[in-house]
Amino acid sequence: MESERFTKTAIWLHWLIAIGVVTNVTLAWIWPLGDHNDAIGEYVRPMIDSHKSIGVTILGLAILRLLWRIGHKPPPFPANYKPWERIAAHIVHWGLYFVILAMPITGWVMDSAWKDAATHPMLFFGTFEWPRLGFIMTMAPDTKEWIHSTFGEAHELIAYLVYLLFVLHLAGAIKHQMEGHKELQRMGIGR
């Protein structure tokens, strides 16, 4: 079984990214409620700032995870996986790599084009100023508005892809676990 498990580094990166994604999705679902609820309203800006910091963290972890994946071959699928299951797993995994890179990048570009970016610095978890993309911040206001809008829409559309891939990934893991393939153990849960 040990040879069928992912490396400890891969497992840690997987779960840290998963926690970050779930947290960011939760924040993005909660802060719109602040528009209609005074009890939440005062927390909207801190939630958005946390969302940005978590997004940047996910980007860094995703780059590390991708580099680790390139340098360390994952354990093979169990021999009794059907060919379509192997293909589907590869598509979903590479799709997840795409979205965990694309979401923070589109968010960073969108945030850099925000009309108030120059007067509202982004603090990484309230500690130090995270740089915005200067070449975007210096563009003409109408260009920045177009970039903000376009990348905001991309960020939102990619979120739907995150939901789809997450459900497929989870469903596949549960299906194979129920068939006795020990998928959860491969990713560090249980023995």
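Residue by residue through the range 20-26, which ³J(HN,Hα) values in whole Hz follow from phi under the Karplus form 6.51 cos²θ - 1.76 cosθ + 1.60 (θ = phi - 60°), with glycine and proline marked x?
x, 5, 4, 5, 5, 4, 4
Quick one: which residues, 5+ away or cross-chain, put their amide H under 5 Å from the amide H of Trp130? H built at 1.01 Å from N.
Placed amide hydrogens put Met122, Leu123, Phe124 under 5 Å from Trp130.
Gaussian network model of the chain, Cα springs within a sub-10 Å range: biggest mean-square fluctuation belongs to which of Gly60, Gly34, Gly172?
Highest fluctuation of the listed residues: Gly34.
I want to check the label-to-label distance for Tyr163 and Met47. Put each point 7 Å from Cα in the C-beta direction and report it in nm to one decimal.
1.6
In nm, to one decimal, how far is the modelled label at Ala140 from the one at Glu179, with both set 7 Å along Cα→Cβ?
The answer from the label model is 5.7 nm.
With a Förster radius of 22 Å, plug the Cβ-Cβ distance of Glu156 and Trp94 into 1/(1 + (r/R0)^6) and report the FRET value to the nearest 0.05.
On the way: r = 22 Å, r/R0 = 0.98.
Result of the calculation: an efficiency of 0.50.
What number comes out for accessible area per residue over the range 97-168 if the probe is 1.4 Å? Units Å², please. Working shown, then result.
On the way: 4360 Å² over 72 residues.
Per-residue value: 61 Å².
Local charge sum around Ser149 (other residues, Cβ-Cβ under 12 Å, Lys/Arg +1, Asp/Glu -1)?
Values: positive: Lys115, Lys144; negative: Asp142, Glu145, Glu153, Glu156.
Residues close to Ser149 contribute a combined charge of -2.
If you find the alpha carbon centre of the range 46-61 and of the range 118-187, how far apart are they in angstrom?
9
In nm, to one decimal, how far is the Val22 label point from the Glu85 one, both placed 7 Å along Cα→Cβ?
Label at Val22, label at Glu85, 2.4 nm between them.
Quick one: if the Förster radius is 25 Å, what FRET efficiency do Met187 and Phe125 give, using the C-beta to C-beta distance and rounding to 0.05? Walk me through the intermediate numbers first.
Details: r = 27 Å, r/R0 = 1.07.
So, using R0 = 25 Å, E works out to roughly 0.40.
Take the alpha carbon gyration tensor of the range 66-105, find the square roots of its eigenvalues, order them as a ≥ b ≥ c, and report rounded if a/c is under 1.5; if not, report prolate when a/b exceeds b/c, else oblate. Can you show the working numbers first?
Values: a/c = 4.79, a/b = 1.60, b/c = 2.99.
It is oblate, given that a/c is not under 1.5 and a/b is not larger than b/c.
Give the shape of the chain as rounded, prolate or oblate, defined through the alpha-carbon gyration tensor: a ≥ b ≥ c are the square roots of its eigenvalues, a/c under 1.5 means rounded, and otherwise the shape is prolate if a/b is larger than b/c and oblate if not.
Working: a/c = 2.26, a/b = 2.02, b/c = 1.11.
Prolate.
Add -39500 (n - 2.57) for each DSSP H run of 4 or more in the chain, then divide by its residues: what number comes out at 222 nm, to the nearest 500 deg cm²/dmol?
Taken over the chain, the calculation gives -23500 deg cm²/dmol.
Considering only protein heavy atoms and a 1.4 Å probe, what is the carbon-and-sulfur percentage of the accessible area of the chain? Write down the numbers at each step before the final one.
Details: 8390 of 11860 Å².
Taking all protein chains in place, the chain shows 71 percent carbon and sulfur surface.
By the gyration tensor of its Cα atoms, with a ≥ b ≥ c the square roots of the eigenvalues, what is the shape of the range 93-160: rounded for a/c under 1.5, prolate for a/b over b/c, or oblate? Present the calculation step by step, with values, prior to reporting the outcome.
Working: a/c = 2.54, a/b = 1.34, b/c = 1.89.
Oblate, since a/c reaches 1.5 and b/c is not below a/b.
The values are calculated or read from the model by the stated rules, or taken from the named source; none is laboratory data. Only a predicted model underlies this, so the values are computations on that prediction, with no experimental measurement involved. Glycine also receives a Cβ, built like all others from the backbone with ideal geometry; neighbour counts cover every protein chain displayed. For the accessible areas, the whole protein counts, side chains as well, though only heavy atoms, and no ligand, DNA or RNA atoms are used. Shrake-Rupley method; radii C 1.70, N 1.55, O 1.52, S 1.80 Å.
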